[in-house]
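Student: The structure's right below; bear with me while I get my questions together.
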Ligand SMILES: Cc1cc2nc3c(=O)[nH]c(=O)nc-3n(C[C@H](O)[C@H](O)[C@H](O)COP(=O)(O)OP(=O)(O)OC[C@H]3O[C@@H](n4cnc5c(N)ncnc54)[C@H](O)[C@@H]3O)c2cc1C
């Protein structure tokens, strides 16, 4: 399934870029993410829990930055499994930053493949759920990016 | 998988305590109609199961002097379907209960379990929004009350926090002479709804709409109500044209999925027809009194 969204943040592209490239900021903004560790220049591991009703699937993800042009474009690929379960998630993500009058327009897309426990909900439903999670990300990210810099420190 | 520890507390306080202590691995279980199937399929593997079936207060149905009805969370769909005290506008909840699945599921499933699971196509959610219900929730800090409209957060998410349980559904008295109706369309008998419409409607002596609450199920993350659409009919005679205008406005707010039951497009097309049918049925039911 493909998710495409865009939103505007009241902060300049340089600042938005530095936040996006800060793993600790991402831990705080990605719903269900409780840890990111850098492995080398371009790869990270992350733990993300996706809840759908009583099902809580906790994925160990490997995220690879496959292309990056600061401060306007980043492409990542992520792959993850859920412990010993047969649940798997794979995604190719792109994010573009563009200056606009009052800040930065962030547009992103994700091509996601999901199988296993969550795959049972069907692509239509998972897309709605993913879009809802994306909305939560936007809200946390915007709040953080628009806060006075000292506070974010 | 390790077998879950099973608890059967006798009070709400004990249930909340056990659940809170269990943390992430704890799950309440009511009728088990949904949860047991999910456990068998290994979709969920709780460490601690807290059965709510021995808690007397959750099994009660009662009416307060002001007309407010209290349906305990453990009331089975079958009991609610046959509840003779749910008349007038409040009957929309009994009518929804009577159309859930099939008799075995109605014997097993509970109102607390159904709304906590919050399947987007479940029957109670739109009926509870139409009835302006309030959900009573118990947690470590006591009880709190959430209007049905704020309870269903969409796509299986509700206002219930970890460690909390739904204890009851409260239905305020509907206006005098109000009628409640529930119209459900499913692919095959006994299935979840493709789409459904719940409404509570009251008219004055001149046939003018004095009260209307209408909610659609199966066409979004949770029940969809649109006060702006209702306002196109309130204060007027509910003509076919006005009802069509209401439906046209409401459809804009729907967010259905394509799934094995039907396409999103099909759902958007049938909702206006279900709305028209729901009004027709409600108005027919009113006739003898008018
Ligand atoms: C074949 C089949 C067909 C069905 N068709 C329909 C249908 O047409 N329409 C419809 O509306 N429903 C339908 N259902 C669902 C049915 O109504 C279930 O009974 C209901 O969803 C769950 O109720 P339960 O009491 O069995 O809950 P359980 O299975 O015991 O629990 C369900 C979930 O809710 C949680 N939970 C249970 N009670 C509480 C509580 N008091 N507080 C907080 N959390 C709680 C549990 O931890 C679990 O996650 C169908 C189910 C089946 C198996």
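Please treat every number below as a calculation from the coordinates, not as lab data. What you see is a predicted model, and the numbers here were worked out from it, not measured in a lab. No Cβ is skipped: glycine too gets one built from the backbone with ideal geometry, and neighbour counts run over all protein chains shown.
Student: When N is the residue count of chain B, what does its C-alpha Rg come to as a fraction of 2.2 N^0.38 Å? Present the calculation step by step, with values, prior to reporting the outcome.
Tutor: Details: Rg = 19.1 Å, N = 290, 2.2 N^0.38 = 19.0 Å.
With N residues counted in chain B, Rg over 2.2 N^0.38 Å equals 1.01.
Student: Moving on. Give, as ranges by residue number, the residues of segment A:44-87 whose backbone N falls under 20 Å from the point 7 Å along Cα→Cβ of residue B:45.
Tutor: Label zone hits: A:47-61, A:80-87.
Student: So, one more: Name the most mobile residue of B:242, B:187, B:27, meaning the one with the largest mean-square fluctuation, in a Gaussian network model of chain B with Cα contacts below 10 Å.
Tutor: Greatest mean-square fluctuation among the candidates belongs to B:187.
Student: Also, quick follow-up: Rank these for me by crowding, B:71, B:137, A:55, A:65, going from fewest to most other beta carbons within 10 Å. Provide the component values of the computation, followed by the final result.
Tutor: Working: B:71 29, B:137 23, A:55 17, A:65 14.
Neighbour counts put them in this order, fewest first: A:65, A:55, B:137, B:71.
Student: While we're here: Any idea how far the Cα center of segment B:29-54 sits from the one of segment A:95-153, in Å?
Tutor: Here the two parts' Cα centres lie 33 Å apart.
Student: In degrees between 0 and 90, to the nearest 10, how far off the longest principal axis of chain B does helix B:240-251 point, with axes built from Cα atoms?
Tutor: In chain B, helix B:240-251 runs at an angle near 40 degrees to the longest axis.
Student: Let me ask something else about it. Within 10 Å of each residue's Cβ, count the other Cβ atoms and sort B:260, A:18, B:196 from fewest upward. Provide the component values of the computation, followed by the final result.
Tutor: Numbers: B:260 7, A:18 15, B:196 28.
The most exposed by this proxy come first: B:260, A:18, B:196.
Student: Okay, moving on. Alpha carbons only, please: Rg and Dmax for segment A:2-145, in angstrom.
Tutor: 15.0, 49
Student: Moving on to the next point. Apply the a/c threshold of 1.5 to the C-alpha gyration tensor of segment B:5-51 and tell me whether it is rounded, prolate or oblate. Walk me through the numbers on the way to the answer.
Tutor: Details: a/c = 2.87, a/b = 1.60, b/c = 1.79.
In terms of gyration-tensor shape, oblate.
Student: Summarise the partner chain shielding of A:43-52 as one whole number: the mean count of Cβ atoms from other chains within 10 Å of each residue's Cβ.
Tutor: Details: counts 0, 0, 0, 0, 0, 0, 1, 0, 2, 4.
Average per residue, whole number: 1.
Student: Here is a further query. To the nearest whole percent, what portion of all C-alpha pairs in segment B:179-289 is separated by more than 25 angstrom? Intermediate values should be presented prior to the final figure.
Tutor: Numbers: 1177 of 6105 pairs.
So the pairs more than 25 Å apart make up 19 percent of the total in segment B:179-289.
Student: Report the residues of segment B:179-217 in range of a label on residue B:107: point 7 Å along Cα→C-beta, backbone N strictly under 19 Å from it.
Tutor: B:190-191
Student: For segment A:1-71, take N as its residue count and report Rg(C-alpha) divided by 2.2 N^0.38 Å. List each step's numbers first, then the result.
Tutor: Working: Rg = 13.9 Å, N = 71, 2.2 N^0.38 = 11.1 Å.
Working it through for segment A:1-71, the quotient is 1.25.
Student: Treating the angle as unsigned and between 0 and 90°, give the value, to the nearest 10°, between the Cα long axis of helix B:12-22 and the longest Cα principal axis of chain B.
Tutor: The answer is roughly 60 degrees.
Student: With a 10 Å cut-off between alpha carbons and a GNM built on chain A, which of A:86, A:11, A:110 moves the most?
Tutor: So, out of A:86, A:11, A:110, the one fluctuating most is A:86.
Student: Same structure again: For segment B:222-264 and segment B:127-143, what is the separation of their C-alpha centers, rounded to whole Å?
Tutor: Each part reduced to its Cα centre gives a spacing of 25 Å.
Student: Output the relative contact order of segment B:5-68, whole-number percent, from Cα pairs under 8 angstrom with separation of 6+ residues.
Tutor: Values: 70 pairs, mean separation 29.2, N = 64.
Normalised by residue count, the contact order of segment B:5-68 is 46 percent.
Student: Related question: Expressed as a whole percent, how much of the Cα-Cα distance distribution for segment B:12-153 exceeds 19 Å?
Tutor: On the way: 5244 of 10011 pairs.
When every Cα pair of segment B:12-153 is considered, 52 percent fall beyond 19 Å.
Student: With a Förster radius of 41 Å, plug the Cβ-Cβ distance of residue B:277 and residue A:79 into 1/(1 + (r/R0)^6) and report the FRET value to the nearest 0.05. Provide the component values of the computation, followed by the final result.
Tutor: Working: r = 49 Å, r/R0 = 1.19.
In this case the efficiency is close to 0.25.
Student: In vacuum, with every alpha carbon of segment B:160-216 counted as one equal point scatterer, what does the Debye formula give for log10 I(q)/I(0) at q = 0.12, 0.26 Å⁻¹? Two decimals, please.
Tutor: Cα-only, vacuum Debye calculation for segment B:160-216: -0.49, -0.98.
Student: Would you order A:121, B:124 from fewest to most other beta-carbon atoms within 10 Å of each residue's own beta-carbon?
Tutor: Values: A:121 20, B:124 30.
Ordered from fewest to most neighbouring Cβ atoms within 10 Å, A:121, B:124 come out as A:121, B:124.
Student: Something else about it: Which one, B:108, B:39, B:74, has the greatest fluctuation when you compute a Gaussian network model over chain B with C-alpha springs under 10 angstrom?
Tutor: Fluctuation is largest for B:39.
Student: With contacts defined as alpha carbon pairs under 8 Å and 6 or more residues apart, what's the relative contact order of chain A in percent?
Tutor: Working: 292 pairs, mean separation 41.7, N = 153.
Value for chain A: 27 percent.
Student: Quick one: if you stick a label point 7 Å off each Cα along the C-beta vector at residue A:41 and residue A:101, how many nm between them?
Tutor: Label-label distance for residue A:41 and residue A:101, simple model: 4.1 nm.
Student: What does the average come to when, for each residue of peptide A:128-135, you count the partner chain Cβ atoms lying within 10 Å of its Cβ?
Tutor: Values: counts 8, 5, 1, 2, 5, 1, 0, 0.
That works out to 3 on average.
Student: Just to confirm the number: angle between the C-alpha axis of helix B:264-286 and the first principal axis of chain B, 0 to 90 degrees, nearest 10?
Tutor: Between the helix axis and the principal axis of chain B, the angle is about 70 degrees.
Student: Over the Cα atoms of the protein assembly as shown, what is the Rg over Rh ratio if Rh follows Kirkwood? Each step should come with its number before you reach the end.
Tutor: On the way: Rg = 24.0 Å, Rh = 23.8 Å.
Looking at the protein assembly as shown, the ratio lands at 1.01.
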